[in-house]
1. Once the piece of chain linking LYS99 and ILE44 is laid out straight, how much longer is it, given 0.36 nm per residue of separation minus the C-alpha distance between them?
2. At ARG10 and ALA33, where each label point lies 7 Å from the Cα along Cα→Cβ, what is the point-to-point distance in nanometres?
3. May I ask you to compute the full-extension gain from ALA61 to THR109, defined as 0.36 nm times their residue separation minus their alpha-carbon distance, rounded to one decimal in nm?
4. Given points 7 Å out from each Cα along the Cα-Cβ axis, report the GLN18 to SER89 separation in nanometres with one decimal.
5. Might you tell me the accessible area per residue for region 32-103, computed with a 1.4 Å probe and given in Å²?
6. With everything on Cα atoms, drop me the angle between helix 51-63 and the longest principal axis of the chain, reported from 0 to 90° to the nearest 10.
7. Mind putting a number on the dipole of the chain about its Cα centre? Charges go on the C-beta only, +1 for Lys and Arg and -1 for Asp and Glu, and I need it in Debye to the nearest 20.
8. At 222 nm, what value in deg cm²/dmol follows for the chain if DSSP H runs of at least 4 each add -39500 (n - 2.57) and the sum is divided by all its residues, to the nearest 500?
Amino acid sequence: MADEELQALRQQRLAELQAKHGDPSSDPSQQEAKQREAEIRNTILAQVLDQAARARLSNLALVKPDKAKAVENYLIQMARFGQLGGKVSEQGLIEILEKVSQQTEKKTTVKFNRRKVLDSDEEDDY
């Protein structure tokens with residue numbers, strides 16, 4: 001019985017420490033909520049995309065997870081508002097990828113800061 005009590009105290013102390021330090025992964029209700037949300041996303045995407053498009057999206061998720069998440073959000077939003085006429089094919093997914101890429105494209109600019117060198121030839125004689 002002492003071992004069971006000791007184990008219970010350890011579990012309680014571990015839960016207190018995790019709650020104190022704000023460890024969100026320890027809360028089972030949050031884990032269940034995340035799991036349900038992922039299942040809902042997967043079912044919506046399964047209804048919206050055909051097999052080839054799903055394969056392409058999963059490959060994209062391996063390479064660029066943030067871009068894949070943006071495309072998934074875009075597809076789910078379109079599906080919720082009824083803007084999709086049927087299942088999205090691979091070619092349709094490629095077009096959506098291009099749209100998302102254009103929206104999230106980073107514009108790179110290079111700015112040169114040239115230092116002015118004091119040269120005796122440039123001085124004006126007053």
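The values are calculated or read from the model by the stated rules, or taken from the named source; none is laboratory data. This is a predicted model, so every value here is computed, not measured. For neighbour counting, all protein chains shown are included, and Cβ atoms are generated from backbone atoms with ideal geometry for every residue, glycine included. The area values use the complete protein model at the heavy-atom level, side chains included, leaving out ligands, DNA and RNA. Shrake-Rupley method; radii C 1.70, N 1.55, O 1.52, S 1.80 Å.
1. Values: separation 55, 0.36 × 55 = 19.80 nm, distance 2.05 nm.
Between LYS99 and ILE44, full extension yields 17.8 nm more.
2. 3.1 nm
3. On the way: separation 48, 0.36 × 48 = 17.28 nm, distance 2.81 nm.
Going from the current span to full extension adds 14.5 nm.
4. Once both label points are built, they end up 4.8 nm from each other.
5. Heavy-atom accessible area per residue stands at 68 Å².
6. In the chain, helix 51-63 runs at an angle near 70 degrees to the longest axis.
7. With only Lys, Arg, Asp and Glu charged at Cβ, the dipole is about 660 debye.
8. Counting only the DSSP helices, I get -22000 deg cm²/dmol.
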